[in-house]
1. On the given criteria, is ASP108 surrounded by fewer than 20 Cβ atoms within 10 Å (Cβ to Cβ), modelled with pLDDT under 95 and either in contact with a Lys or Arg (Cβ under 8 Å, 6 or more places away or on another chain) or among the acidic types (Asp, Glu) (or both)?
2. Given the criteria loosely packed, with under 13 Cβ neighbours inside 10 Å, in contact with a Lys or Arg (Cβ under 8 Å, 6 or more places away or on another chain) and of a type outside the set (A, V, I, L, M), does ASP113 qualify?
3. Considering only residues that are touching a strand residue (DSSP E or B) at 6+ places or on another chain (Cβ under 6 Å) and free of Cβ contacts under 8 Å to residues at least 60 places away in the same chain, which ones fall in the range 81-96?
4. With respect to the numbered conditions (1) of a type in the set (Ser, Thr, Tyr); (2) in contact (Cβ under 8 Å) with a residue 24 or more places away in the chain; (3) out of contact with any helix residue (DSSP H, G or I) (no Cβ under 8 Å at 6 or more places or on another chain), which one is the sole condition not fulfilled by THR112?
5. From the list ALA140, ALA72, ALA129, ALA89, pick out the single residue that is under 15 Å from the mean Cα position of the chain (by Cα) and open to solvent by 30 Å² or more (accessible area, probe 1.4 Å).
6. Please go through the range 184-212 and pick out each residue that is open to solvent by 20 Å² or more (accessible area, probe 1.4 Å) and in contact (Cβ under 8 Å) with a residue 60 or more places away in the chain.
Amino acid sequence: MEIVKKMIPCDCQNTGCKEFSGCCFVATELVRITGGEDDPIHLMFVGQGAGREEDINMNPKNTLHQPFVGKAGAYLRNMVKFLWDNGIAVNIAISNSVRFHPLDGKKDRAPTDGELKECMPILDRDIDAVKPKTLIALGASTTNALAPETVEQSMGKIIGTQYIYKNINVIPLYHPSFLTRNYGKFFPEQSGNYHVRCVNILKKAALDAISA
């Protein structure tokens, strides 16, 4: 299986953003396994923001500014590999709703509505370039940004349901960081309810996107 990766760099020039000077400028990553650059991207995963491992101030060797490179990223990428290993040949993109590391002191936090508003034009540009069949919204803040009608609804009730953003299907899913907190590393045979629901939702979303 040949895996071809490409990065769309975050070239934000919004110097008026209070996070600009410390922004990680995390890229959108494209991963194709079914051929050339003209083959469609079936699923585009959109996370909350850069994490500690993506933060270039803490990890200066991360010159590609690759998204989802920590524990949560490993869980997400192993879920995708699980699809591939089961014959579901899906091309993916991985991105974030904000491109910096949202922190409250030293503690991770969700991006504010104002921060999402500042960063969403970059995500919109990448979505327009990638043209995914389906957007997978990882976590509550990203889901709320892509599907405002989900605000104040619990993730447990809305994961796997379908919404529309820019005429593209949006499917909410638990953020991989939530899964790592519950299960540690990804194991295909994991029987936990959150894990099983997410894998089954991804299987259906991938198959639907391939057939669309």
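The values are calculated or read from the model by the stated rules, or taken from the named source; none is laboratory data. Predicted model, so just to flag it, every value in this text is computed and none were measured. No Cβ is skipped: glycine too gets one built from the backbone with ideal geometry, and neighbour counts run over all protein chains shown. For the accessible areas, the whole protein counts, side chains as well, though only heavy atoms, and no ligand, DNA or RNA atoms are used. Shrake-Rupley method; radii C 1.70, N 1.55, O 1.52, S 1.80 Å.
1. Values: surrounded by fewer than 20 Cβ atoms within 10 Å (Cβ to Cβ): yes; modelled with pLDDT under 95: yes; either in contact with a Lys or Arg (Cβ under 8 Å, 6 or more places away or on another chain) or among the acidic types (Asp, Glu) (or both): yes.
Against the criterion (surrounded by fewer than 20 Cβ atoms within 10 Å (Cβ to Cβ), modelled with pLDDT under 95 and either in contact with a Lys or Arg (Cβ under 8 Å, 6 or more places away or on another chain) or among the acidic types (Asp, Glu) (or both)), ASP108 qualifies.
2. Details: loosely packed, with under 13 Cβ neighbours inside 10 Å: yes; in contact with a Lys or Arg (Cβ under 8 Å, 6 or more places away or on another chain): no; of a type outside the set (A, V, I, L, M): yes.
It is false that ASP113 is loosely packed, with under 13 Cβ neighbours inside 10 Å, in contact with a Lys or Arg (Cβ under 8 Å, 6 or more places away or on another chain) and of a type outside the set (A, V, I, L, M).
3. Residues satisfying the conditions do not exist here.
4. It fails just one condition, (2).
5. Numbers: ALA72 fails: open to solvent by 30 Å² or more (accessible area, probe 1.4 Å); ALA129 fails: under 15 Å from the mean Cα position of the chain (by Cα); ALA89 fails: under 15 Å from the mean Cα position of the chain (by Cα).
Unique residue meeting the criteria: ALA140.
6. Of the range 184-212, the ones open to solvent by 20 Å² or more (accessible area, probe 1.4 Å) are 184-191, 193-194, 196-197, 200-201, 203-204, 207-208, 210-212.
Hits for the range 184-212 are LYS185, PHE186, PRO188, LYS203, LEU207, ASP208, ILE210, ALA212.
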